[in-house]
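*Asks:* Before anything else, here's the structure in question.
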Amino acid sequence: MRGRCYVVGPADTVEGLALVGIDGAVVRDGAEARAALDAARARADVALVLLSERWRDVWSDRRETDEGGALVVEIPDPGGGGADATLLERVEALLGFGLEEAADRTEATP
């Protein structure tokens, strides 16, 4: 997967990730979050959208039926209680397999 990472969330999340070069959209309510998520997923240069868990309902109600577009991974909000899994664990859960295991299998293939 090649492409950019994009974040949708509250100002502290978006501004914090901007410090490491990740673009994003600051949203204040569900309608703004839905519009920003749709716009990000429609962009050809975006491969991964990091969605603040505060707005998880915007994505969870259509996750199972949505096809195409960038992958969406929910991330914990600063100060929130959702930091129970690392970003790697969240991506692996989304994909349904471990990335390290997949890399090991790829290296072992002649």
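*Asks:* Considering only residues of segment 40-75 that are within 15 Å of residue 27 (Cα to Cα) and at pLDDT below 85, which is surrounded by the most Cβ atoms within 10 Å (Cβ to Cβ)?
*Replies:* Per the stated criteria, the residue is 58.
*Asks:* Within segment 1-37, can you find the residues that are touching a residue at least 40 places away in the same chain (Cβ under 8 Å) and part of a helix (DSSP H, G or I)?
*Replies:* Matches in segment 1-37: 12, 13, 16.
*Asks:* Ok, one more. Name the single residue that is nearest to residue 77 (Cα to Cα) among those in segment 45-63 being of a type in the set (Gly, Ala, Ser) and in contact (Cβ under 8 Å) with a residue 40 or more places away in the chain.
*Replies:* 52
*Asks:* Here is a further query. Exactly one condition in (1) loosely packed, with under 14 Cβ neighbours inside 10 Å; (2) at pLDDT 90 or above is not met by residue 84; state its number.
*Replies:* Unmet for residue 84, out of (1) loosely packed, with under 14 Cβ neighbours inside 10 Å; (2) at pLDDT 90 or above: (2).
*Asks:* So in segment 19-36, with the set limited to residues that are aliphatic (A, V, I, L, M) and surrounded by 13 or more Cβ atoms within 10 Å (Cβ to Cβ), which one is farthest from residue 53 (Cα to Cα)?
*Replies:* Here the residue is 22.
The values are calculated or read from the model by the stated rules, or taken from the named source; none is laboratory data. Remember, predicted model here, so these are calculated numbers, not experimental data. All Cβ positions, even for glycine, are placed from backbone atoms using ideal geometry, and neighbour counts span all protein chains on display.
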